[in-house]
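Peer 1: I'd like to ask you about the structure that follows.
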Amino acid sequence: MACAGARWRLRRAVRFLGVWALGVVCAAASLHPVQLRCEHLEDPAGIDVAEPRLSWVLEPVDPAVRGARQTGYQVQVASAADRVANGQADCWDSGRVASDQSVLVRYAGQRLGSGQECYWRVRVWDERGEASDWSPPARWTMGLLRAEDWRGAWIGKDETAGSTAIAGTSWIWYPEGDPATAAPAEERFFRQRFELAKDTTVRSARLLIAADNEFVAYVNGRLAGQGGNFKVAAELDVAGLLASGTNVLAVKVRNVGTAPNPAGLLARLEVVAATGERAELVTDETWRTTRVTGTGWERPDYNHGGWQRARVLGPAGMAPWGEISGPEDRRLAARYLRKEFSVEKKVRRATAYVSGLGWSELYLNGRKVGDHVLSPGLTDYAKRVFYVTHDVTHALRRGNNCVGMILGNGRFFAPRLTVPTETRTFGFPKLRCQLHLQYVDGTEQVVASDGTWRLTAQGPITANNEYDGEEYDARRELGTWAEPGFDDGAWETAQTVAAPPGGWWRR
Ligand SMILES: [Ca+2]
């Protein structure tokens, strides 16, 4: 009996506890909001839409519950964390909104300013009209909303673009009619002799050559190369084919077609001797040409005394061929930039706004900021240019600080312009950057990119491109270049350069 009585009392206690627990559940909402997002991002920095959209996920308090749904929400936004926690929604309080919307609820409060911090929380009402607890607060910060908020200048290192290797040469052809308009669709042969001083050791020799339509080139009787593109000169390495004394360049050109059409040959040979001495040879009226020839015409000892003098049709760039691209050696070393600045007071908040084109990595006091790679995102730079916002409050220290930047090409600086297809390029890599320091005492300081920044293109990344890869020369590593106190005396001063073509700023 004692046993049975104990069991009854236990059952009654369990029933009582169960009812009590159920009562608690019934008094609270079946849902609560989690995973707060602003513009799809978790605690984002640098939002630049005037009315950011807020989203949350509804999580059931009890996973076993079915039919739970949101019937209302309330969003509160405040300018400080403690304010939102106390319900002082000084930016926006939506009040209770009867709605099942939990995705992309548009901010509808006070107008938000550049760089402003926003803290927010949300609560929801469930299918029974019960309110959830407030979510833990989330945060977003605004970006730079107006062009005049940008105080940094565009800086970088612009160089002379493109190859001028073709300049100074001329189109030539066999003297017949008007070859630039209509030459027979036949072969023509060309030869030129040139001397290299006795005992010359050739360090390098390149032959740039273009023909309308197809050429085969020989140096001293040996095949140097062939090609068939009159818009892009071929580049042939002929160093191994040259000798001191007399040399002969021989070229066969075939004008392709079924009817007369333009024909021409254009070439330039550049020779650099081991002594550093340079010599060059271009196509001109001293070349010899013929329509018909016997075998051995390409050999150095062939006598071309009976051939005719070539006719100069006009300089490189003439119609109908127009501008000729040289070989596309557009490999460009990464730019390293640095600027030291002093922080003398306690920092409450520090924000970096950065646009480094094509791609960039930001450093503060020797450490990379953030985990972005290939940043900022690719755009059509003629239309818009992205910037990135980082909270760098904890990267700063009292005393001397250093901001550093590595600038790569991305697709801002195209690695090639015409081969295998026409490619747009926008200029040399460039940077616009500013750090906003907000001190505890309420004062502010801006460290902005300008012509006092230091720059070098002599760092370890000697070439970079997402297709061609990166060339890294560890012998050129720069050590503590992104830390204060680094000796940048051998660096150059950054140039103030033109803004990128696109004027549209978005994160
Ligand atoms: Ca032709």
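Peer 1: So in segment 155-189, with the set limited to residues that are under 23 Å from the mean Cα position of the chain (by Cα) and surrounded by fewer than 21 Cβ atoms within 10 Å (Cβ to Cβ), which one is nearest to the ligand (Cβ to nearest atom)?
Peer 2: Residue satisfying both the conditions and the ranking: Ser163.
Peer 1: What strands (runs of 3 or more DSSP E) completely inside segment 306-401 contain at least 3 residues that are surrounded by 13 or more Cβ atoms within 10 Å (Cβ to Cβ) and over 13 Å from the mean Cα position of the chain (by Cα)? Outline the logic, then answer.
Peer 2: Details: elements: 311-315, 335-343, 347-357, 359-364, 384-386, 388-391.
Result: 311-315, 335-343, 347-357, 359-364, 388-391.
Peer 1: Can you tell me which of (1) at pLDDT 95 or above; (2) touching a strand residue (DSSP E or B) at 6+ places or on another chain (Cβ under 8 Å) is the one Ala279 doesn't meet?
Peer 2: (1)
Peer 1: Considering only segment 141-152, I want to know if a residue exists there that is basic (Lys, Arg), farther than 29 Å from Gly296 by Cα and surrounded by 14 or more Cβ atoms within 10 Å (Cβ to Cβ). I'd like the intermediate steps shown before the answer.
Peer 2: Here is the first cut: in segment 141-152, the ones basic (Lys, Arg) are 146, 151.
This time we only want the ones that are farther than 29 Å from Gly296 by Cα, so: 146, 151.
When the remaining residues are screened for being surrounded by 14 or more Cβ atoms within 10 Å (Cβ to Cβ), the result is 151.
Yes, there is a match, as at least one residue in segment 141-152 is basic (Lys, Arg), farther than 29 Å from Gly296 by Cα and surrounded by 14 or more Cβ atoms within 10 Å (Cβ to Cβ).
Peer 1: What is the one condition in (1) touching a Gly at 6+ places or on another chain (Cβ under 7 Å); (2) modelled with pLDDT of 95 or more; (3) not assigned by TED's automatic domain parsing to the domain that holds Tyr467 that Glu323 does not satisfy?
Peer 2: That leaves (2) as the condition not met.
Peer 1: Additional query: Between Leu31, Leu41, Leu36, which is at pLDDT 50 or above, more than 38 Å from the chain's Cα centre (by Cα) and within 17 Å of Val105 (Cβ to Cβ)?
Peer 2: Leu31
Peer 1: Would you please list the contacts, defined by Cβ atoms under 9 Å and residues six or more apart or on different chains, that run from a residue in segment 224-250 that is assigned by TED's automatic domain parsing to the domain that holds Thr286 to a residue that is buried (at least 18 other Cβ atoms within 10 Å of the Cβ) and part of a helix (DSSP H, G or I)?
Peer 2: Ala224/Leu241; Asn247/Leu241
Peer 1: In segment 251-274, which residues are more than 8 Å from the ligand (Cβ to nearest atom) and polar (S, T, N, Q)?
Peer 2: Matches in segment 251-274: Thr258 only.
Peer 1: If you check every pair at least six apart or on different chains, which have Cβ atoms under 6 Å apart with a residue in segment 261-275 that is assigned by TED's automatic domain parsing to the domain that holds Phe230 first and a residue that is within 11 Å of the ligand (Cβ to nearest atom) and not in a strand (DSSP E or B) second?
Peer 2: Pro262/Ala180; Pro262/Pro320; Ala263/Pro179; Ala263/Asn255
Peer 1: Kindly provide the set of residues from segment 64-120 that are of a type in the set (Asp, Glu) and part of a loop (DSSP other than H, G, I, E, B), ordered by number.
Peer 2: At the first step, the residues of segment 64-120 found to be of a type in the set (Asp, Glu) are 82, 90, 93, 100, 117.
Residues satisfying the conditions are Asp90, Asp100.
Peer 1: Given (1) touching a residue at least 60 places away in the same chain (Cβ under 8 Å); (2) surrounded by fewer than 14 Cβ atoms within 10 Å (Cβ to Cβ); (3) more than 16 Å from the ligand (Cβ to nearest atom); (4) over 17 Å from Arg311 (Cα atoms), where does Leu207 come up short, assuming only one miss?
Peer 2: In the conditions (1) touching a residue at least 60 places away in the same chain (Cβ under 8 Å); (2) surrounded by fewer than 14 Cβ atoms within 10 Å (Cβ to Cβ); (3) more than 16 Å from the ligand (Cβ to nearest atom); (4) over 17 Å from Arg311 (Cα atoms), Leu207 misses (2) alone.
Peer 1: Same structure again: List the number of the failed condition for Gly225; all other conditions in (1) surrounded by 15 or more Cβ atoms within 10 Å (Cβ to Cβ); (2) at negative phi; (3) not aliphatic (A, V, I, L, M) hold.
Peer 2: Condition (2) is where Gly225 drops out.
Peer 1: Can you tell me which residues in segment 452-483 are among the hydrophobic types (A, V, I, L, M, F, W, C) and crowded, with 16+ Cβ neighbours inside 10 Å? Before you say what the answer is, go through the steps one by one.
Peer 2: Pass one, segment 452-483, residues among the hydrophobic types (A, V, I, L, M, F, W, C): 453, 455, 457, 461, 463, 474, 478, 481-482.
Correct list: Trp453, Leu455, Ala457, Ile461, Ala463, Leu478, Trp481, Ala482.
The values are calculated or read from the model by the stated rules, or taken from the named source; none is laboratory data. Here the structure is a predicted model, which is why all the values come from computation and not from measurement. For neighbour counting, all protein chains shown are included, and Cβ atoms are generated from backbone atoms with ideal geometry for every residue, glycine included.
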